[in-house]
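The values are calculated or read from the model by the stated rules, or taken from the named source; none is laboratory data. Predicted, not measured: the structure shown is a model, and the values here were computed from it. Virtual Cβ from ideal backbone geometry, glycine too; neighbours counted across all protein chains shown. These accessible areas exclude ligands, DNA and RNA; they are computed on the full protein's heavy atoms, side chains included. Shrake-Rupley method; radii C 1.70, N 1.55, O 1.52, S 1.80 Å.
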Amino acid sequence: MAIINPFLSIIIPAYNEERRILLTLQEVVKHLSMQAYAAEVLVVDDGSADRTAALVRACAQDHPTVRLISNPHRGKGYAVKTGMLAAGGDFRFLCDADLAMTIEQVARFLPPQLVGFDVAIGSREAPGARRFNEPAYRHFMGHVFNLIVRLVAVPGLKDTQCGFKMFTRQAAVSLFSSQIMDGFAFDVEILFLARKRGFRIVEVAIDWHHSTDSRVRPAQDTFNMFRDALAVRWNDWRGRYDK
């Protein structure tokens, strides 16, 4: 059941997350139950082959703030796009299923703590950010990713790939309606479009906890990032974002 006129929508893309999706939802629902504003949680299942969808569906029966959207398997970017455009919130928060950033920190992305923005991106590099239990190779890989992104597509942002981002209603509709990429580099595409369209982007320092269940593949993902960042520029040159 959809929440009428929610202040906040939390969008959680999920692919084969049966081991942790219920714990994540319990944490999110518990936090939202203590807030004065109306909120909804949209879990977008990206065609999981495990029990992810069934577990979310069962949770939604007990918690009316939770809603399941089932997609064919097309990639995280497509799942996020689906959730952002299906949401009803004045503010729409992308939240990774691993909760590497504790859900209580969502207040840092909302008024009154944060005002005057269109897109707020969680940053593990901004002053005041803290990282916990992160292997050295993962930290180095993050720097390589960010260097590629800054050089090719989105200069000036310290951490484009963190899986926690807030969008106003207007920004979400404008940006995700124009999204082309379904997979790995959708973050870069969305932030490139936000810059191109003059939306105000801010980085929010967060406390980030490394997950041992991370699905990052160092060599392959670095190559994919470079390829997809170039594709964003190619799409822009061809005018595909001007329609």
Kindly provide the set of residues from region 70-91 that are under 15 Å from the mean Cα position of the chain (by Cα), open to solvent by 40 Å² or more (accessible area, probe 1.4 Å) and under 20 Å from Gln161 (Cα atoms), ordered by number. Lys76, Tyr78, Lys81
Tally, over region 159-199, of residues that are touching a Ser or Thr at 6+ places or on another chain (Cβ under 8 Å) and closer than 12 Å to Leu94 by Cα: 2
Kindly indicate the residue of region 17-48 that is free of Cβ contacts under 8 Å to residues at least 40 places away in the same chain and polar (S, T, N, Q) and also farthest from Asp62 (Cα to Cα) among those meeting that condition. Ser48
Can you name the number of the only condition in (1) within 16 Å of the chain's Cα centre (by Cα); (2) open to solvent by 40 Å² or more (accessible area, probe 1.4 Å) that Trp208 fails? (2)
Expected single match for over 15 Å from the mean Cα position of the chain (by Cα), modelled with pLDDT of 95 or more, charged (D, E, K, R) and over 25 Å from Phe184 (Cα atoms) among Arg19, Arg67, Arg57 is Arg57
Looking only at region 176-221, how many residues end up being in contact with a Pro (Cβ under 8 Å, 6 or more places away or on another chain) and at pLDDT below 85? 1
If you go through region 51-86 one residue at a time, how many are among the hydroxyl-bearing types (Ser, Thr, Tyr) and touching a helix residue (DSSP H, G or I) at 6+ places or on another chain (Cβ under 7 Å)? 3
Just a yes or no: is a residue in region 104-116 in contact (Cβ under 8 Å) with a residue 12 or more places away in the chain and under 14 Å from Leu25 (Cβ atoms)? no
Complete set of residues in region 225-243 that are surrounded by fewer than 16 Cβ atoms within 10 Å (Cβ to Cβ) and either at pLDDT below 90 or within 21 Å of Met141 (Cα to Cα) (or both): Arg227, Leu230, Asp242, Lys243
List every residue pair whose Cβ atoms lie under 7 Å apart, where the two residues are 6 or more positions apart in sequence or sit on different chains, the first residue falls within region 70-82 and is more than 14 Å from Ala185 (Cβ to Cβ), and the second residue, located anywhere, is of a type in the set (Ser, Thr, Tyr) and surrounded by fewer than 22 Cβ atoms within 10 Å (Cβ to Cβ). Asn71/Tyr78; Asn71/Thr82
